[in-house]
Structure formats: structure tokens, C-alpha cells
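My structure is below; once you've seen it, I'll send some questions.
The values are calculated or read from the model by the stated rules, or taken from the named source; none is laboratory data. Note that this is a predicted model, so its numbers are computed, not measured. Glycine gets a Cβ as well: all are built from the backbone with ideal geometry, and neighbour counts include every protein chain shown. To get the accessible areas, we keep the full protein, side chains included, count just its heavy atoms, and leave off ligands, DNA and RNA. Shrake-Rupley method; radii C 1.70, N 1.55, O 1.52, S 1.80 Å.
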Amino acid sequence: MKKIIIYIAFICLIFAMTSCVVDETKKASNEKSIEIIRCFDEKDAEGLKALFCEEVRISHNLDEEIQLAFDLYEGTSETYKFNYAGGTAGGWDNGECIDEHITPRVENLKTSSGKVYRIPYHEYLIYKKNPRCVGITYIRIFDESTGEMVQIGEHVY
């Protein structure tokens, strides 16, 4: 009986610790999403560029891609919601996390111009195979009324 209680306590501890990690990652993701929205609202290209991983910054003309996205985005944000349903995904090698990435979305982003947008993005939190990929690899912005989409960056490995 004592072994069962210890086992149950151990399982509960694992769930509690995992929940804290997911909550912290979700909180950081929401903060990053708020920063992305701020950059779009203020047309802050330099701030948006700083969020991208080194690999994308050196391989893309981010100034041009960001300008195309800013051209699509009209007004300033009024309401939005975050979707973090996908959580984190990645890989492990001998007990060490070697690949942790997230793909959150800003959804139902309504602006002062009456437009509605969706902004999904991909971010590596850990990527041992190529540390230059840590950071945002792409941001997409969709105009929900027209279906038009602009992508900044790309999924890199």
C-alpha cells in the first residue's frame, strides 16, 4: 500500500511540474504575441525583425517582407485572442531536450479599420541541431475577409 501511495504522489508531482513548464511557455508565448501585435500596430519593422532567429535574419530580405505584411494590416488592434492549443512539440535525446518549438496563433484580431486578421507564427525555443534557428522562423498574417496572406520568414531547420 505504501508503494502505491508513493507512486501516486510521484505521478502527481510530475504532472504539477509539467504544468508549470507549460504555463510558463504559454505565458512567454502570449507576451511574444502581444509584442508582434504592437509591432504591427506601430509599424515597428526593427522591433519585428529583432524577434526572428538569426538564420532567417541572414537569409531573408525581412525589410521587404515586413513591409508587405504592414501593407496588408490596416488600423490598430482593438480586440484579439490567443490560441495556444498546439502547445509545445519537439524531440529528446538521452533525456536532453534537443528540439522544442511552438506554433501559437493570434486569432480574431479586430482592428480600428474594421478588418479581422489571424497571425500564426512558429518559434524554436530550443534547437540543438542548429542554434541559429532559435527564435521566430516565420510569421503569417491572414486577412480573414479576403483570404489574402503574407508570410515573413520561413520554417527553417
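Assigning unit charges at the beta carbon (Lys, Arg +1; Asp, Glu -1) and nothing else, what dipole magnitude in debye, to the nearest 20, does the range 84-152 show about its Cα centre?
On the way: 8 positive and 9 negative charges, 40 e Å.
With only Lys, Arg, Asp and Glu charged at Cβ, the dipole is about 200 debye.
Follow-up question, since we're still on this one. Solvent-accessible area of Arg57, probe 1.4 Å, all protein chains present, reported in Å² to the nearest ten, please.
Number for this one is 110 Å².
So, one more: How many nm is it between the label spots at Ser59 and His155, if each spot is 7 Å from the Cα in line with the beta carbon?
Placing both labels 7 Å along Cα→Cβ, they lie 1.3 nm apart.
Pairs of alpha-carbon atoms within less than 8 angstrom and 6+ residues apart define the contacts here; what relative contact order does the range 31-157 have, in percent? Mind showing how you got there, number by number?
Working: 257 pairs, mean separation 30.4, N = 127.
Computed over the range 31-157, the figure is 24 percent.
Tabulate in residue order the Karplus-calculated ³J(HN,Hα) for the range 28-35, using 6.51 cos²θ - 1.76 cosθ + 1.60 with θ = phi - 60°, rounded to whole Hz; enter x for Gly and Pro.
Coupling constants for the range 28-35: 4, 5, 4, 5, 5, 4, 5, 5 Hz.
Using a 1.4 Å probe and counting only protein heavy atoms, arrange Arg132, Arg38 so the residue with the most accessible area comes first.
Of Arg132, Arg38, the descending order of accessible area is Arg132, Arg38.
Averaged across orientations, what area in nm² does the convex hull of the alpha carbons in the range 71-157 project? Don't skip to the answer; put the middle values down first.
Working: hull surface 25.1 nm².
That works out to 6.3 nm², a quarter of the Cα hull's surface.
With an 8 Å Cα cut-off and a minimum separation of 6 or more residues, compute the relative contact order for the range 65-138 in percent. Intermediate results must be reported in sequence, preceding the final value.
Details: 140 pairs, mean separation 20.2, N = 74.
Computed over the range 65-138, the figure is 27 percent.
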